[in-house]
Amino acid sequence: MRRFERALTREMAAGAALGFAALVAIFSVVILVRILSKAVVGDIDVSAIMPMLGFGVLRTLPVLLSLGLFIGVFMSLSRLWRDSEAVIWMNAGVGPFGWLRPVVMLILPVVAIIAFVSLEGLAWGARKQTEFEQVLATKNQVSALAPGVFSEDRQGKRVVFVEKVFQNGSRVENVFVQSFERGRMGVTVASQGLVKKMTNGAVFLVLEDGKRYEGIPGEADYQMARFKRYSVRIPAPALVERGETSRSMEAADLIRNPSPANMGEWVWRLGYPISAFLLCLLAVPLSYTNPRAGRSLNVVFAVLIFVAYNNFVGISKGWVERSLLGSVESLLLVHGVMLSILIAMFWRRFRGPWSA
């Protein structure tokens, strides 16, 4: 590899790495804020914050890799024009097509990573997230007995309060339970109790040495009973049984089951590596800047093209899912348009400032 290619490859790689790191940091903060807002109101357990953050970053990884790579290539080539190095290299016999080799050599390994993540990694992450949410929901069934907190079930028919929790949540002290069933309100108090998990997964709060009061609110008629042991079932969380969706299916399974939804998912996943490759090639003619003029317009144009292209890929997924286009037609339309723009810009730049 010539000296020019080595220097350009190093500069583009450094720019891409910095851009990717900055994007990951920004998106991680955004995702973390959303997760924390749910954790504050109790929708997400504190122990689930970091795993959910990991799943969120994984979902955005193909876009972040693509955008980071595009930034590295575009900014490095723009600097060559801004500092007039491009003119020097052209006078030395290195024209615009000589820039393609280092660009392609840099982006091919990253595009391969993007392809693997989008075709297989996203589906794996979706399956693992579903499994994690199911395990977390079952865990929350037991951990809902927090000391000093009134815990209400989702139906609002039962409130449980425990003053103290011991032995990793297996024993409790000073328990208060209020329930409302069939028009009658029951109040149960006990000095102590224990949490038992049955073999079938059911969880019971077994109260010891307590009293139970039951009656109709507003009426004087009520019943009181003492007990040595009294079991209260902790209601299981509402687990939604999710069948395998297109989002969680492997790429090979999508092709073997070519429904509109599966083909839409396939077009969307395949669009990530294709768009990353074409956008980085487009950065070569797009990076041209007249040293006497500002470069703001080129930067804005580059951002608009990246956003529009990725949105177009997402829109094409909806077209395929609604059977408005076939998967092949959608791929040819979306990426064919971008390829045409790429060829047109190369031709325009080659006939213009690069003709020297």
Quiz item: Does residue 12 qualify as being assigned by TED's automatic domain parsing to the domain that holds residue 132 and buried (at least 17 other Cβ atoms within 10 Å of the Cβ)?
Solution: yes
Practice problem: For residues that are assigned to a strand (DSSP E or B) and free of Cβ contacts under 8 Å to residues at least 60 places away in the same chain, tally how many sit in the range 197-218. | Solution: 12
Quiz prompt | residue 202 vs. criteria of a type in the set (A, V, I, L, M), under 30 Å from residue 261 (Cα atoms), modelled with pLDDT under 85 and within 37 Å of the chain's Cα centre (by Cα) | solution = no
Practice problem: Scan 251, 261 and give me the residue that is touching a Phe, Trp or Tyr at 6+ places or on another chain (Cβ under 8 Å) and of a type outside the set (Lys, Arg). | Solution: 251
Quiz item: With respect to the numbered conditions (1) more than 16 Å from residue 280 (Cβ to Cβ); (2) hydroxyl-bearing (Ser, Thr, Tyr); (3) in contact (Cβ under 8 Å) with a residue 40 or more places away in the chain; (4) surrounded by 13 or more Cβ atoms within 10 Å (Cβ to Cβ), which one is the sole condition not fulfilled by residue 28?
Solution: (3)
Practice problem: Give the residues of the range 217-236 that are surrounded by 12 or more Cβ atoms within 10 Å (Cβ to Cβ) and at pLDDT 80 or above, sorted by residue number. | Solution: 227, 229, 230, 232
Exercise. Determine whether residue 33 is in the same structural domain as residue 302 (by TED's automatic domain parsing), farther than 30 Å from residue 266 by Cα, at pLDDT 90 or above and in a helix (DSSP H, G or I).
Key: yes
Exercise. Select from the range 298-356 the residues that are at pLDDT below 85 and of a type in the set (D, E, K, R) and write down the one among them that is surrounded by the fewest Cβ atoms within 10 Å (Cβ to Cβ).
Key: 351
Quiz item: Among the candidates 287, 248, which residue alone is surrounded by 18 or more Cβ atoms within 10 Å (Cβ to Cβ), modelled with pLDDT under 90, under 30 Å from residue 202 (Cβ atoms) and touching a helix residue (DSSP H, G or I) at 6+ places or on another chain (Cβ under 6 Å)?
Solution: 248
Exercise. Can you run down the residue pairs with Cβ atoms below 6 Å, 6 or more apart or on separate chains, where the first is in the range 265-281 and among the charged types (D, E, K, R) and the partner is in a helix (DSSP H, G or I)?
Key: 265/246; 265/254; 269/118; 269/119
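The values are calculated or read from the model by the stated rules, or taken from the named source; none is laboratory data. What you see is a predicted model, and the numbers here were worked out from it, not measured in a lab. Positions of Cβ are backbone-derived with ideal geometry, glycine not excepted, and every protein chain shown enters the neighbour counts.
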